[in-house]
Amino acid sequence: MVMNLKKYCFVFLLLPLLSVVKAQDSLFIHLNGQFTIGIPFSQIDSIYFVKPAIQVIEEEMPFLYTNFGKPYGIYPLNNRADDFGYPAFCLFDDLNGPDMVNLVSGYDWFAPSQEYSDRITTYASAYIRWQLFYNQMSGANRILASIPKSTTSTLLNQSRGQALAVRAFDLFNLVQHYQFTFKTHGRDPAVPIEEAYTVDVNNNPRASVEAVYDLILADLSESIQLLDGFSRPDKSQIDQQVAYGLRARVHLVMQHWTQAASDAAMALNGYTPYASNEITAPGFYNASDHNWMWAVLIPASVASEELATWPSQLGSFSGNSYVAYAGIWRSINKLLYDKIPATDVRKNWWLDENKHSSHLDGLTWIDNYNNITYTGQEIVDAVITDVKQSMEPFTNIKFGQRSGIGSNVNDGDWCLMRAEEMILIRAEALAKGGDLQGGKQVLQNFVQNYRDPAFTSSASTVAAFENEVWLQRRIELWGEGFSFVDALRLNKNIVRFHSNETTNVPEVYKFNIAAEDPWLLLRIPKSVIDRNSAITDSLNNNGGTQPISGNGAGLTDGVTD
């Protein structure tokens, strides 16, 4: 039916229409007793479908999760190999950071992040990092718009709880990249807030950092209440413990130490870290692992043999990848590698300077074309035509793939949250909240029992302990998308090289960046500015200049010094 109410709105009703009521400046539609939606006339030409909440949930809930790891989700017609959802976002971030390096190559889709040209507003990578979250937020808002807060339906409340947590996750990722940290920049402009259909997205200014965090905390707190008792079908969905984990991350950034420690403990309940004997071979691809709390599920039916996948762009063992084919091995910065004790099981997540790791022992890579099987350390220097180059020192072998070494199928789940992160949040928050000894004990228990039996915390001050935890985060979470935002959160310099020290950082990427250098902030993409009248070029993040080789020599970070 068509209603002529100041503007035309085509409303397709999929359940029997019970009543349409005009009240003041809004249209209120009641459907089958299930829900009521109020549509302001000012927004009515942007609303096309009014559907029952159950149908909206059925349509949108899978989108919230599956599209987060889908190849070509932002540019479906362009087949960009850097367009594969949140894992790509993590790789962009880690290559902006201090701890991941690789050789210069014309085949490297992520080179703009290494060289920091990704701040150019017309670059596709700038748009991917922005639109990924606003697309997901839009799906969350459609769910939220369909469910009244007054509903008593358990299903609807649980769906609302998930949508709120997803929106908080999206905003949290955005606010950390488009403005410096909460404590010192709370009143500075961050990103536009989009709440359901209450905002004109074409005239939506940047909200302050404080306003964004207010909504994030409100969303997560309500989510935690609504998800009480929710049993999810799989780890792709957010349950109450994941919502606690997200709020722990937020409180850590906001320096709410007591709340961060408490929420991390609530999130961790029932989860345990990988044992040391569980991380002695390439892994980190299976959401069923006992320490994984939340994940993007990426089965073979989604990944297939696509190059726009994390095994192709981050891992070292795909038979159909950019990394192995072009030899752009994602590697650990030697500065960080040298800080890992020989007694730490994680040191073998990367090849050493002699290209050796015991974590290759017992593995095989088959060259099917020439019928050659490479075993153990032979894999390192194996050269397979159109498949693989010889590996470089410090190449990562942390990440495997579900279909096996040398497989053309680039499947593998992506970890969004795991137990180890919660332990490290709790250790840092306890210490900064006044319980240094408690924080030290949490850190020692984790590292000694699960990673390095020889570890002891030597910190006698909170500042020193902050660096101890940061070192552990940089080792433990390497490649998982934390290094860049951790540096921003802690107000640390990005340090890739030390003058007069041997480095594996290529000359063009060999620069350091001071904390709060304006070039660290991402830029709002030009296409977004063009359609949003409330954000002009002059209101974008415009400070700083792209770094060049040698910049920042002499900067230190307190960890790799």
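Looking only at residues that are without any contact (Cβ under 8 Å) to a residue 40 or more places away in the chain and of a type outside the set (Asp, Glu) in segment 342-365, which one is nearest to Ile475 (Cα to Cα)?
Top of the filtered list is Lys347.
Can we say Leu471 is in contact (Cβ under 8 Å) with a residue 60 or more places away in the chain and within 23 Å of Trp130 (Cα to Cα)?
So Leu471 fails the test.
Right, Ile279: touching a Gly at 6+ places or on another chain (Cβ under 7 Å) and either within 27 Å of Lys398 (Cβ to Cβ) or basic (Lys, Arg) (or both) or not?
no
Would you check if there is a residue in segment 247-266 being part of a loop (DSSP other than H, G, I, E, B) and buried (at least 21 other Cβ atoms within 10 Å of the Cβ)?
No, the conditions are met nowhere in segment 247-266.
Out of everything in segment 366-399 that is outside any strand (DSSP E or B) and touching an Asp or Glu at 6+ places or on another chain (Cβ under 8 Å), what residue ends up being nearest to Leu336 (Cα to Cα)?
The residue in question is Phe394.
Picking from Val508, Val495, which residue would you name as being closer than 18 Å to Phe110 by Cα, of a type outside the set (Phe, Trp, Tyr) and touching a residue at least 24 places away in the same chain (Cβ under 8 Å)?
The match here is Val508.
Considering only segment 438-491, how many residues are in a loop (DSSP other than H, G, I, E, B), buried (at least 21 other Cβ atoms within 10 Å of the Cβ) and within 21 Å of the chain's Cα centre (by Cα)?
Selection size over segment 438-491: 5.
Return yes or no: is Ser150 at negative phi and free of Cβ contacts under 8 Å to residues at least 24 places away in the same chain?
The answer is yes for Ser150.
Could you check Ala324 against (1) in contact with a strand residue (DSSP E or B) (Cβ under 7 Å, 6 or more places away or on another chain); (2) of a type in the set (Gly, Ala, Ser); (3) closer than 21 Å to Gly481 by Cβ and say which number it fails?
Status for Ala324: all satisfied but (3).
Is it true that Val191 is hydrophobic (A, V, I, L, M, F, W, C), buried (at least 21 other Cβ atoms within 10 Å of the Cβ) and farther than 23 Å from Ala429 by Cα?
Answer is yes for this residue.
In segment 235-246, which residues are within 21 Å of Trp470 (Cβ to Cβ) and either in contact with a strand residue (DSSP E or B) (Cβ under 7 Å, 6 or more places away or on another chain) or not in a helix (DSSP H, G or I) (or both)?
Correct list: Gly245 only.
Between Tyr271, Tyr197, which is over 30 Å from Gly376 (Cβ atoms), part of a loop (DSSP other than H, G, I, E, B) and modelled with pLDDT under 95?
It is Tyr197.
Can you spot a residue in segment 366-375 that is in contact (Cβ under 8 Å) with a residue 40 or more places away in the chain, surrounded by fewer than 22 Cβ atoms within 10 Å (Cβ to Cβ) and out of contact with any Lys or Arg (no Cβ under 8 Å at 6 or more places or on another chain)?
Checked against the condition, which is being in contact (Cβ under 8 Å) with a residue 40 or more places away in the chain, surrounded by fewer than 22 Cβ atoms within 10 Å (Cβ to Cβ) and out of contact with any Lys or Arg (no Cβ under 8 Å at 6 or more places or on another chain), segment 366-375 yields at least one hit.
Please verify whether Ile224 is within 16 Å of Ala165 (Cβ to Cβ) and either in contact with a strand residue (DSSP E or B) (Cβ under 6 Å, 6 or more places away or on another chain) or assigned to a helix (DSSP H, G or I) (or both), treating the condition exactly as stated.
yes
Here is a list: Asp411, Asp435. Which entry is among the charged types (D, E, K, R) and crowded, with 21+ Cβ neighbours inside 10 Å?
It is Asp411.
If a residue must be crowded, with 20+ Cβ neighbours inside 10 Å and either of a type in the set (Val, Ile, Thr) or in a loop (DSSP other than H, G, I, E, B) (or both), how many such residues does segment 346-365 contain?
Residues that pass the stated criteria total 3.
Go through segment 450-499 and count every residue that is over 18 Å from Leu436 (Cβ atoms) and of a type in the set (Val, Ile, Thr).
4
Could you check Lys339 against (1) touching a helix residue (DSSP H, G or I) at 6+ places or on another chain (Cβ under 7 Å); (2) part of a helix (DSSP H, G or I); (3) touching a residue at least 24 places away in the same chain (Cβ under 8 Å) and say which number it fails?
Every listed condition holds for Lys339 apart from (2).
Could you tell me whether any residue of segment 274-284 is in contact with a Cys (Cβ under 9 Å, 6 or more places away or on another chain) and more than 30 Å from Thr152 (Cβ to Cβ)?
Within segment 274-284, one or more residues are in contact with a Cys (Cβ under 9 Å, 6 or more places away or on another chain) and more than 30 Å from Thr152 (Cβ to Cβ).
The values are calculated or read from the model by the stated rules, or taken from the named source; none is laboratory data. Nothing here was measured: the structure is a model prediction, and the numbers come from that model. Positions of Cβ are generated from backbone atoms using ideal geometry, with glycine treated the same way; all protein chains shown enter the neighbour counts.
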